[in-house]
Amino acid sequence: MEIRRSVLIIYTGGTIGMVNDPVSGALVPIDFRHISDQVPELRRFGFSLETVTFEPVIDSSEVSPDVWVRIARTIEDNYDRFDGFVVLHGTDTMAYSASALSFMLRGLEKPVIFTGAQLPIGVLRTDGKENLITAIEIAAARENGLPVVPEVCIYFENKLLRGNRTIKYSAEHFNAFVSPNLPPLAEAGLQIRYNRNIIRYPTVRRPLTVSDKFDTAVAVLRLFPGLRQETVHAILGTAGIRGLVLETYGTGNAPTTEWFLDEIQSYIAGGGIVLNVSQCQAGSVEMGLYETSAGLISAGVLSGRDITTEAAVTKMMNLFGSGLPREKICELLSRPLCGEMS
Ligand code: ASP
């Protein structure tokens, strides 16, 4: 006899569960009972579904690392009781949270599926119902007794994407997320078709542990023509900033101006770490391809290859929180830890 599958829904907030505030008219989050009332279909699943609701539920613009720790601890505390987890989360910072969780949950062997909605679940044309129902189905999916997708993912519209490869791309369309450097892990049509040769399966079995320390001493600098030295100097000179995600042009290019390279070089010489991430959504940093990135190599800038800014920021913060020595952090930033870069 097949054992009844079980999924824990962790409701953190976001548009999926929002209603219009009668006074201000703005969208504000409400509690999960509203969602289950709006989706009676949930009762038709043969699965055992339980819910944990964060107190208070939040708009995801309010997310900070302590929310990631609460999500991770909720998963850890319930890890043995459930086949999979669905995290209901606002779309605005979902890519950051899914990236962070991928670095935190070491030894993960069960699905953790983030989803949400562009339109509240009480609205007739909502995308929230389909997102929630399919996310639950994916979280519960097993084959030969093992989970089909033992990864942290984002499910939205009809695609299952690796969480740490994903960016929010549309504030308008139902397909709000893309993962430009990795094909979807699954696509939902009449059936859910899993892309098994892309899904990461554990090679060694180890118990789940949570890496829950974050050091937020990180900055992001997006290059643009006309960027002033004072600005670069002020950011790199901010007290305690240990790492910079440098959003460069194209394949990792930056101006060769002497002052710019000097600023970067002296920041690195002083112990800072600079990770080169492209402003392009698709493709990869290839330092050395053009003369305009050769100076960055000499300055000691690391290549983020095709990592997203969201994954780069959360990976840096998590590694800085780990207490590892600088050399080790540089080595770990230069290679994929859980599928976040090619
Ligand atoms: N502002 C909302 C949030 O991120 C948007 C959404 O959920 O789609 O919480």
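Out of curiosity, is Leu119 within 16 Å of the ligand (Cβ to nearest atom) and among the hydrophobic types (A, V, I, L, M, F, W, C)? When the stated conditions are applied, Leu119 passes them. As for segment 46-64, it holds no residue that is more than 15 Å from the ligand (Cβ to nearest atom) and assigned to a helix (DSSP H, G or I). Only one entry of Leu337, Leu289, Leu324 meets the criterion of being part of a loop (DSSP other than H, G, I, E, B), more than 13 Å from Thr248 (Cα to Cα) and in contact with a Gly (Cβ under 8 Å, 6 or more places away or on another chain), and that entry is Leu289. The condition of being more than 16 Å from the ligand (Cβ to nearest atom) and basic (Lys, Arg) holds for only one of Arg125, Arg142, that being Arg142. Given the criteria among the aromatic types (Phe, Trp, Tyr), in a strand (DSSP E or B) and surrounded by 15 or more Cβ atoms within 10 Å (Cβ to Cβ), does Tyr155 qualify? Taking the combined requirement at face value, the residue satisfies it. Sub-8 Å Cβ pairs linking a first residue in segment 9-31 that is within 20 Å of Ile75 (Cβ to Cβ) and assigned to a helix (DSSP H, G or I) to a second residue that is near the ligand (Cβ under 10 Å from one of its atoms) and open to solvent by 10 Å² or more (accessible area, probe 1.4 Å), at least 6 apart or interchain, are Ile16/Pro120; Gly17/Pro29; Gly17/Val57; Gly17/Pro120, ordered by first then second residue. If a residue has to be of a type in the set (D, E, K, R) and within 18 Å of the chain's Cα centre (by Cα) to count, how many in segment 309-340 make the cut? Count: 4.
Residues in segment 68-93 that are among the aliphatic types (A, V, I, L, M) and under 19 Å from Lys213 (Cα atoms): how many?
So the count comes out to 4.
Here is the figure for segment 167-193: residues that are open to solvent by less than 40 Å² (accessible area, probe 1.4 Å), touching a residue at least 40 places away in the same chain (Cβ under 8 Å) and in contact with a Cys (Cβ under 9 Å, 6 or more places away or on another chain) total 1. When segment 137-152 is filtered for residues that are acidic (Asp, Glu) and surrounded by fewer than 24 Cβ atoms within 10 Å (Cβ to Cβ), the ones remaining, listed by number, are Glu137, Glu143.
Just one of the listed residues (Gly90, Gly25) is closer than 21 Å to Gln118 by Cβ, within 16 Å of the ligand (Cβ to nearest atom) and open to solvent by less than 10 Å² (accessible area, probe 1.4 Å), namely Gly90. Filter segment 292-307 down to the residues that are hydrophobic (A, V, I, L, M, F, W, C) and either surrounded by 17 or more Cβ atoms within 10 Å (Cβ to Cβ) or assigned to a loop (DSSP other than H, G, I, E, B) (or both) and list them by number. Across segment 292-307, the qualifying residues are Leu296, Ala299, Val301, Leu302, Ile307.
Checking each residue in segment 183-213 for being of a type outside the set (A, V, I, L, M, F, W, C) and in contact with a helix residue (DSSP H, G or I) (Cβ under 9 Å, 6 or more places away or on another chain) picks out Tyr194, Thr209, Ser211, Asp212, Lys213. Within segment 229-272, the set of residues being under 22 Å from Leu289 (Cβ atoms), open to solvent by less than 40 Å² (accessible area, probe 1.4 Å) and under 30 Å from the mean Cα position of the chain (by Cα) comprises Leu244, Val245, Leu246, Glu247, Thr248, Gly250, Thr251, Gly252, Asn253, Ala254, Ile264, Ile268.
The values are calculated or read from the model by the stated rules, or taken from the named source; none is laboratory data. The structure displayed is predicted, hence computed values, not measured ones. All Cβ positions, glycine included, derive from the backbone under ideal geometry; neighbour counts span all protein chains shown. Please note that ligands, DNA and RNA were not included when accessible areas were found on the heavy atoms of the full protein model with its side chains. Shrake-Rupley method; radii C 1.70, N 1.55, O 1.52, S 1.80 Å.
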